[in-house]
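Read-outs: derived from the displayed coordinates by stated rules, not from any lab. All values derive from a computational prediction rather than experimental measurement. Every residue, glycine as well, gets a Cβ built from its backbone with ideal geometry; the counts of neighbours run over all protein chains shown.
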Amino acid sequence: MPLISLLALLGLIVGLSVERKGFASPKLDRILSKALVQLVYPCLLFSSLLLRFNWMEVKTFAIVPLSVFAVCATGLLYGKLSLGLSKLKQDATKRSYVFLAMMPNYSFVPLVIAQAFWADKGLALVALSSVGADFFLWTLAYPQIAGRRDWRKIFSPALISLILALVLLKTEIDFPRSAWAGSLIFLSWIGKATLPLSMYVLGGQLAKASRQASDTRAHQLLLVWRLILCPLLMFGLILTLGRSLPYEAKAVLLLVGSMPGAVVTVVLARLHEADGRFAATQIFLGHCLGVISVSLWQGLLYWIL
């Protein structure tokens with residue numbers, strides 16, 4: 001198991017333990033969540049793109065992030081249309097519900113799986129696919145969980161770092177190699193804290209996860225979308241728009257499309273007073289069932305292609 005996965009597991013265990021023993025400080029959790037969104041994750045985005053890609057590769061595989069963006073957009077439609085069927089009453093829970101319908105766990109778990117099966121090529125393709133998800137997250141999805149559309153908030157550090165990285169790739173500015181490479185590696189080390197910190201926050205929410213009977217319908221609707229309908233939609237995009245892509249790119253697209261809800265939901269719920277307990281429960285259920293569903297979808301893709 002990669003070191004980063006072990007650290008993520010440790011973060012989850014620590015978060016669970018701290019919350020259950022009553023050591024957790026709401027102020028500290030909020031500080032960690034804010035640092036994650038405004039500093040650590042932007043460093044991961046910026047360094048990942050510039051260390052792994054050039055502009056020609058971004059152009060060649062543009063259909064990869066565009067397909068992920070399209071699936072997220074369809075998730076927004078599904079979340080809004082199915083909200084009435086969910087029987088949710090609280091606004092905070094409704095905001096978490098719609099956000100989970102939009103955003104899969106598009107980075108953390110896919111990176112680990114892609115590295116195991118397709119090595120560095122898989123890692124690069126997951127990083128490229130996350131461009132589409134990140135653009136959607138910080139423009140259209142973020143206002144849904146925040147409960148308001150504030151354009152000043154949309155231009156977050158994460159979105160700015162993403163745009164800046166693409167501009168630098170496009171312009172191909174020739175920086176002094178030693179200093180530039182050292183800076184990117186330093187930023188990438190900061191970014192590596194993204195997964196352990198996210199899992200710590202998730203662990204704290206799982207310790208007090210929602211078990212209300214009224215949430216059952218909502219969880220079922222999300223699981224059907226995330227584990228069945230969403231990968232089916234991505235499968236259709238792969239067989240139509242993505243037919244010319246190499247097998248690894250198709251597999252990564254289906255992998256991202258079949259992922260359960262995003263862990264970042266819990267982090268943003270902490271920042272914007274959405275329902276973190278509901279989000280944590282859905283993420284836990286989704287990842288437990290996803291062990292089976294993701295394998296089945298990958299097997300189907302391999303069999304067909």
Query raised in the report: When the Cα centres of the stretch 38-64 and the stretch 86-102 are compared, how far apart do they sit, in Å?
Result: 31 Å
Report summary line: Scan of the chain for GluC sites (Glu not before Pro) in DSSP loops with at most 13 other beta-carbon atoms within 10 Å gives a longest site-free stretch of 1-171
Query - Choice from 143, 42, 246 with maximal GNM fluctuation in the chain (Cα, 10 Å cutoff) - result: 246
Query raised in the report: Where a ≥ b ≥ c are the square roots of the eigenvalues of the C-alpha gyration tensor, would you call the stretch 49-151 rounded, which needs a/c under 1.5, or, failing that, prolate if a/b is larger than b/c, or oblate?
Result: prolate
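Can you give the net charge of the other residues whose Cβ lies under 12 Å from the Cβ of residue 41, counting K and R as +1 and D and E as -1?
Details: positive: 34, 192; negative: 134.
Net charge around residue 41: +1.
If you only keep lysine pairs separated by 8 or more in sequence, or across chains, how many in the chain come under 15 Å at the Cα atoms?
Working: 21/208; 34/153; 59/170; 80/89; 80/94; 121/250.
Pairs that pass both the separation and distance tests number 6.
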Query raised in the report: Kyte-Doolittle mean at least -0.5 and Cα extent at least 24 Å along the axis: which DSSP H helices of the chain qualify?
Result: 3-20, 63-86, 108-136, 276-304
Query - the stretch 3-304: C-alpha gyration tensor shape, a/c 1.5 cut-off, then a/b vs b/c - result: oblate
Query raised in the report: Do the sum for the chain: with -39,500 (n - 2.57) for every DSSP H run of n ≥ 4, divided by all residues, what is the mean residue ellipticity at 222 nm, to the nearest 500 deg cm²/dmol?
Result: -24500 deg cm²/dmol
Query raised in the report: Under 5 Å between amide H atoms, partner at least 5 residues away or on a different chain: which partners does residue 262 have, H built in plane at 1.01 Å?
Result: 103, 105
